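Novice: One structure is given below, represented as structure tokens, and several questions about it will come after.
The values are calculated or read from the model by the stated rules, or taken from the named source; none is laboratory data. All of these numbers come straight from a predicted model, not from anything done at the bench. Because the Cβ atoms are built from the backbone with ideal geometry, glycine has one as well, and the counts that use them run over all protein chains shown.
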Amino acid sequence: MKQFSTEAIILRRTNYGEADRILSLLTPNHGKQSVIAKGVRRPKSKLAGGLELFAVCKLTILQGRGDMGVVTSSRIKEFYGDILHDYDRMQVAYEVIKQINKATETVTDQAFYELLADSLKYLNDLRIDWRLIELWFGIHIRALLGDDLNLLTDIEGQPLKADKLYSYNSDEKAFFYSLGGNFDSNHLKLLRLATYKSPKALNNIGGLELLNWQALRMLVAA
């Protein structure tokens, strides 16, 4: 048996037995971990206050011979409680966790943990438009999965031009020229900026309300 301490973000939690809870965690250095928090649902549990959703937790885990570790101590390092005050960003937070959980079933990379932690941090800042965070996350998780958006050339391999409108072909994973397209130069500029700037920096861009956000949301989900 070995014991280790780690930061962790809860991906999923399931009640077990009368007072226990099984947790799926994402950690920066130990990948995804399945653990049990014994007695955590009891009113006087010392573990309960350190195992919250939308939080970075500091945990000590006892790893036995089986696949499931046991949480022996817990405390909150960062709690992003302001997410709970806004329905839209709370829904984005749940979706972010869902996508990270799915992505890390087959891939282990510290970058997924960092993306999740950063996404929760930005969502907790009520000054940042939640749509920018959703867009930023969508672009970056695609990149981590090797499915980067091509923001340089169209479906014919020609450079995307500022004076044209484009639609997106999800099968070909490319933009194509279209008179009735949803994406103009302002959309493309925002998408390009989102590949290397933070949501906080993107929030300072003017004219965001003029963009077709439904099309942008569908694009990063394609």
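Novice: What pairs come up if the first residue lies in the stretch 86-105 and is assigned by TED's automatic domain parsing to the domain that holds Asp125 and of a type outside the set (A, V, I, L, M), the second is surrounded by fewer than 16 Cβ atoms within 10 Å (Cβ to Cβ) and part of a helix (DSSP H, G or I), and their beta carbons are under 9 Å apart, counting only those six or more places apart or on different chains?
Specialist: Within 9 Å, the pairs are Arg89/Asp82.
Novice: Restricting the search to the stretch 51-78, which residues are among the hydrophobic types (A, V, I, L, M, F, W, C), crowded, with 16+ Cβ neighbours inside 10 Å and on the phi < 0 side of the Ramachandran plot?
Specialist: Leu51, Leu53, Ala55, Val56, Cys57, Leu59, Ile61, Val70, Val71
Novice: Of everything in the stretch 1-12, what is assigned to a strand (DSSP E or B) and more than 12 Å from Asn101 (Cα to Cα)? Give them in sequence order.
Specialist: Lys2, Gln3, Phe4, Ser5, Thr6, Glu7, Ala8
Novice: Something else: Pairs under 8 Å by beta carbon, first residue over 15 Å from Ser24 (Cα atoms) and without any contact (Cβ under 8 Å) to a residue 12 or more places away in the chain in the stretch 55-76, partner among the hydroxyl-bearing types (Ser, Thr, Tyr) and surrounded by 14 or more Cβ atoms within 10 Å (Cβ to Cβ), six or more apart or different chains?
Specialist: Hits for this filter: zero, empty list.
Novice: Sticking with this structure for a sec: State which residue is farthest from the chain's Cα centre (by Cα) when the search covers only the stretch 67-95 and only residues that are within 17 Å of Gly50 (Cα to Cα) and of a type in the set (A, V, I, L, M).
Specialist: Among them, the one singled out is Val70.
Novice: Now for a separate question. Could you please find all residues in the stretch 25-50 being outside any loop (DSSP other than H, G, I, E, B), surrounded by fewer than 18 Cβ atoms within 10 Å (Cβ to Cβ) and among the polar types (S, T, N, Q)?
Specialist: Result: Ser34, single match.
Rundown of residues vs (1) of a type in the set (Val, Ile, Thr); (2) out of contact with any strand residue (DSSP E or B) (no Cβ under 8 Å at 6 or more places or on another chain); (3) modelled with pLDDT of 95 or more, yes/no style:
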site: Met68; (1), (2), (3): no, no, no
site: Asp88; (1), (2), (3): no, yes, yes
site: Ala93; (1), (2), (3): no, yes, yes
site: Val107; (1), (2), (3): yes, yes, no
site: Tyr113; (1), (2), (3): no, no, yes
site: Leu123; (1), (2), (3): no, yes, yes
site: Asp129; (1), (2), (3): no, yes, yes
site: Gly138; (1), (2), (3): no, yes, yes
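Novice: Ok, one more. Where residues in the stretch 173-207 are under 16 Å from Val92 (Cβ atoms) and of a type in the set (A, V, I, L, M, F, W, C), which of them is surrounded by the fewest Cβ atoms within 10 Å (Cβ to Cβ)?
Specialist: Among those residues, the one meeting the criterion is Leu202.
Novice: Determine whether Gly157 is farther than 28 Å from Phe112 by Cβ and crowded, with 16+ Cβ neighbours inside 10 Å.
Specialist: Spelling it out, it is not the case that Gly157 is farther than 28 Å from Phe112 by Cβ and crowded, with 16+ Cβ neighbours inside 10 Å.
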